[in-house]
Amino acid sequence: MDIETILEELEYLTDEFPHAAVKAAIAQQEAITPHLLQAIEDTTRELDELGVDYEYMLHIYAFYLLAQFRETRAYPVIVDFFSQPGEAASEAVGDFLTESLGQVLASVSGGDMTLMQQMVENPDIYEYTRAAALDGLVCLVANDLQPRDVVVTYFRDLFRGGLEREYSLMWDALVECTTNLYPEELLPDIQQAFADDLVDDFFIDWSEVETTLNKDKDVVLDELRQNWQYQLINDTISKIEWWHCFQPEQEMPSYPPLPSAREFTPPSPPQPPSPPSPQTPWIAPPKVGRNEPCPCGSGRKYKQCCLKKERT
């Protein structure tokens with residue numbers, strides 16, 4: 001499959017996942033990389049229009065493929081895409097923002113924190129994008145691309161003035177990311193954030209911090225390394241092919257044909273109404289706990305999946 005055909009196959013959403021085109025793109029990594037970079041740059045210029053073109057997919061494939069290629073040239077290109085003010089970038093990528101952006105940023109960064117730090121500290125960027133950059137920094141630690149102490153020191157700077165001191169999703173994400181790195185050094189800063197009402201305790205509460213501290217530090221860091229949410233992108237196909245948009249629609253149930261006029265039987269005469277049955281009390285559906293598996297079936301915790309999407 002030539003490059004032009006691959007790009008055509010990947011440009012728009014299809015009913016089935018384009019396995020052949022993605023495999024061909026991976027096989028021709030060197031040749032297709034400039035085209036993938038160009039696709040992201042073109043999309044960045046057209047974000048306002050793309051925000052309503054939900055069928056366009058080439059930039060999504062480009063993010064994953066360039067991450068799998070460990071293409072460091074993609075790092076500033078992707079950061080520029082997501083650094084546009086407002087929510088246009090978010091609308092152009094959908095669930096990718098909360099599902100994979102942190103992993104993609106870490107995968108193309110070559111271990112460099114600088115551009116992710118710029119995203120975190122930019123108040124003009126959509127807060128979910130900034131939170132994804134925090135995830136990317138944790139991802140660097142999980143994959144031994146940055147020492148834990150370096151990222152913890154940066155998080156300390158965010159706690160102590162680097163982050164605007166008013167509630168936003170960023171504080172929830174900062175406390176969670178710090179907890180995932182084992183928060184012993186920053187315990188006073190986390191306590192102060194809770195005391196100042198900067199953290200939504202539905203997203204993460206103090207008991208989770210305490211539970212983590214009660215574990216051995218090496219155990220917590222080993223759990224981080226095993227956590228699939230903080231692994232680098234290694235297989236574009238396995239990351240995307242299961243998406244709902246590529247699953248075949250369930251067939252509508254078939255019903256027997258309506259009877260013809262000759263087969264039609266007149267209804268029986270009306271019967272006297274039966275006495276009313278006691279009304280069944282309404283029972284509210286059970287609430288999903290923030291740390292329970294997300295009901296969408298993604299395998300992630302509710303707070304890390306659909307809770308984020310519901311709050312957007």
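The values are calculated or read from the model by the stated rules, or taken from the named source; none is laboratory data. This one's a predicted model, so the numbers in the text were calculated from it and none came from an experiment. Quick reminder, even Gly has a Cβ in these numbers, built from the backbone with ideal geometry, and neighbours come from all protein chains shown. Just the protein is used for accessible areas: all its heavy atoms, side chains included, with ligands, DNA and RNA removed. Shrake-Rupley method; radii C 1.70, N 1.55, O 1.52, S 1.80 Å.
Once the 1.4 Å probe is applied to the protein heavy atoms, the range 99-159 comes out at 29 Å² accessible per residue.
The Kirkwood radius of the range 85-242, taken over pairs of alpha-carbon atoms, gives through the Stokes-Einstein law at 10 °C and 1.306 mPa s a diffusion coefficient of 99 µm² s⁻¹. Here the extension length gained between residue 53 and residue 23 equals 8.3 nm, from 0.36 nm per residue of separation less the Cα-Cα distance. Cα-Cα pairs above 14 Å in the range 104-146: how many percent? The proportion of pairs with Cα distances above 14 Å equals 37 percent. If you take all other residues with their beta carbon under 11 Å from the beta carbon of residue 80, and give Lys and Arg +1 and Asp and Glu -1, the sum is 0. Restricting the chymotrypsin sites (Phe, Trp or Tyr not before Pro) of the range 39-123 to loop positions (DSSP other than H, G, I, E, B) with no more than 14 neighbouring Cβ atoms within 10 Å leaves 54.
Once you have the Cα-Cα distance between residue 118 and residue 70, take 0.36 nm times their residue separation minus that, and quote the gain in nm to one decimal.
15.2 nm
Using the Cβ-Cβ distance between residue 38 and residue 195 with R0 set to 45 Å, the FRET efficiency from 1/(1 + (r/R0)^6) comes to roughly 0.35. Of the solvent-accessible surface of the range 131-243, computed with a 1.4 Å probe and all protein chains present, 46% belongs to carbon and sulfur. To the nearest 0.05, how large is the calculated FRET efficiency for residue 1 and residue 211 if R₀ is 51 Å and r is the Cβ-Cβ distance? The formula returns an efficiency of 0.50 here.
Between residue 246 and residue 168, the FRET efficiency from the beta-carbon distance, with R0 = 41 Å, is close to 0.75. Roughly speaking, what % of Cα-Cα pairs in the range 1-97 are separated by over 16 Å, rounded to a whole number? Within the range 1-97, distances greater than 16 Å cover 52 percent of Cα pairs.
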